[in-house]
Amino acid sequence: MNKNLSYTFVGLLIAATLVASCGKANKSGRTDTYSSGEISFAADESFSPIIEEERFIFEVTYPNAHVNPIYTSESEAMNMLLSDSIMLVITARDFKKEEYENLKARRRVPITQKLAYDGLAIIQNNANRDSCIGVPDIKRILTGEATKWSDIYEHSKLGDITLVFDNPRSSAVHFAEDSILGGQPITSKNVVATNSSPEVIDYVEKTPGAIGIIGSNWLNDKRDTTNVTFKKNIRTMYVSRYSPATLDNSWLPYQYYLYNDNYPLIRTVYALINDPRKALPWGFAQFIASPKGQKIILQTGLLPMFGNITVRDVKVN
């Protein structure tokens, strides 16, 4: 496929029904039900654009329900769940074995609900004209083996590389350590972290030698319903499993390239639930997994977990 002339669009056809249930007050004093009441839940900040859209439609659909997100790091969100401060976390990993066993030992009911697939995007400053990067080169940056752009591209005049994450304890950092470094920690002094995804975009926009790792849902142009254009103040790099990376072996985090597994930096989005009554925390998680919630996932640029995917090629002149 000629990447300059063709784009592949992903459509979603879902036919299912949302099954609701009712909750009752118990000894804890909770009065929330599957579709009413008020709760707080935690989520990795990188998923906030998706969650805000899901929350808005959920509360329009169920006017008596109010779900209040706490956007934080993945680690802090899990700590809140394990300490019973909340009953729902939306993040990019499943329960670890010890977390699951801890909750079961305390007679909790931990449940995992898969929601979507997300592509971690590599963004660069507009001054960087090298549009492709390989996962082996990203690994060299994370370990400190590559500290200058000339270590990757011999002709580059950009100088030092700075790789920027959204939070030092975020799901993106954990993905890099687990999936790129094979469980080893990041050791490069050229790797820094901000406090949020918008700050990563701002940093990269202002720093010619910087690249950022960020959830692809932050980059979609809301005016483009096909989700194949990205924000114009930075550029998104093509990513390859190999080095050297070329346009022939590299991909952007479009939905279709998540669908066919071409894009190498794919992570799963989970709802982790600890709600024995299956009331409002459970209800909101199941709404995201429902046909209406999965259509919202599609529109935000991620790949829905459920539904029949139809693919068609469209030639662009």
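Structure values in brief
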{"item": "Lone unmet requirement of (1) out of contact with any helix residue (DSSP H, G or I) (no Cβ under 7 Å at 6 or more places or on another chain); (2) at pLDDT 95 or above for Lys139", "result": "(1)"}
{"item": "Matching residues, the stretch 53-77, being touching a helix residue (DSSP H, G or I) at 6+ places or on another chain (Cβ under 7 Å), hydrophobic (A, V, I, L, M, F, W, C) and assigned to a helix (DSSP H, G or I)", "result": "Ile57, Phe58"}
{"item": "Pick from the stretch 56-84, criterion out of contact with any Lys or Arg (no Cβ under 9 Å at 6 or more places or on another chain), touching a residue at least 24 places away in the same chain (Cβ under 8 Å) and under 14 Å from Asp275 (Cα atoms), ranking: surrounded by the fewest Cβ atoms within 10 Å (Cβ to Cβ)", "result": "Met80"}
{"item": "Matching residues in the stretch 117-146 - criterion: being of a type in the set (A, V, I, L, M) and surrounded by 20 or more Cβ atoms within 10 Å (Cβ to Cβ)", "result": "Leu120, Ala121, Ile122, Ile123, Ile133, Ile138, Ile141, Leu142, Ala146"}
{"item": "Residue check for Ile90: assigned to a helix (DSSP H, G or I) and either surrounded by fewer than 20 Cβ atoms within 10 Å (Cβ to Cβ) or at pLDDT 95 or above (or both)", "result": "no"}
{"item": "Some residue of the stretch 31-46 being open to solvent by 20 Å² or more (accessible area, probe 1.4 Å), touching a residue at least 24 places away in the same chain (Cβ under 8 Å), out of contact with any strand residue (DSSP E or B) (no Cβ under 8 Å at 6 or more places or on another chain) and not in a helix (DSSP H, G or I)", "result": "yes"}
{"item": "Residues located in the stretch 93-129, provided they are among the polar types (S, T, N, Q) and free of Cβ contacts under 8 Å to residues at least 60 places away in the same chain", "result": "Asn102"}
{"item": "Residue in the stretch 216-240 that is most open to solvent (accessible area, probe 1.4 Å), counting only those that are at pLDDT 90 or above and touching a Phe, Trp or Tyr at 6+ places or on another chain (Cβ under 9 Å)", "result": "Tyr238"}
{"item": "Residue match in the stretch 260-281 (condition: at pLDDT 95 or above, in a strand (DSSP E or B), touching a Ser or Thr at 6+ places or on another chain (Cβ under 8 Å) and among the polar types (S, T, N, Q))", "result": "no"}
{"item": "Residues within the stretch 181-205 that are touching a residue at least 60 places away in the same chain (Cβ under 8 Å) and assigned to a helix (DSSP H, G or I), tallied", "result": "5"}
{"item": "Qualifying positions in the stretch 78-120 - touching a strand residue (DSSP E or B) at 6+ places or on another chain (Cβ under 9 Å), more than 20 Å from Gly293 (Cβ to Cβ) and of a type in the set (A, V, I, L, M, F, W, C)", "result": "Met78, Met80, Leu81, Leu82, Phe95, Leu103, Val109, Leu120"}
{"item": "Subset of the stretch 107-126 [charged (D, E, K, R) and either closer than 22 Å to Leu303 by Cβ or within 18 Å of the chain's Cα centre (by Cα) (or both)]", "result": "Lys114, Asp118"}
{"item": "Residue among Tyr263, Tyr259, Tyr254 that alone is over 16 Å from Pro69 (Cβ atoms) and open to solvent by less than 20 Å² (accessible area, probe 1.4 Å)", "result": "Tyr263"}
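Per-residue answers, yes or no, for (1) part of a loop (DSSP other than H, G, I, E, B); (2) hydrophobic (A, V, I, L, M, F, W, C):
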{"position": "Asn79", "(1), (2)": "no, no"}
{"position": "Asp94", "(1), (2)": "yes, no"}
{"position": "Glu98", "(1), (2)": "no, no"}
{"position": "Glu101", "(1), (2)": "no, no"}
{"position": "Lys114", "(1), (2)": "no, no"}
{"position": "Asp130", "(1), (2)": "yes, no"}
{"position": "Leu142", "(1), (2)": "no, yes"}
{"position": "His155", "(1), (2)": "yes, no"}
{"position": "Pro168", "(1), (2)": "yes, no"}
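The values are calculated or read from the model by the stated rules, or taken from the named source; none is laboratory data. Since the model is a prediction, treat every value here as computed from it, not as a measurement. Every residue, glycine among them, receives a Cβ derived from its backbone with ideal geometry; neighbour counts consider all protein chains shown. SASA here: full protein model, heavy atoms, side chains in, ligands and nucleic acids out. Shrake-Rupley method; radii C 1.70, N 1.55, O 1.52, S 1.80 Å.
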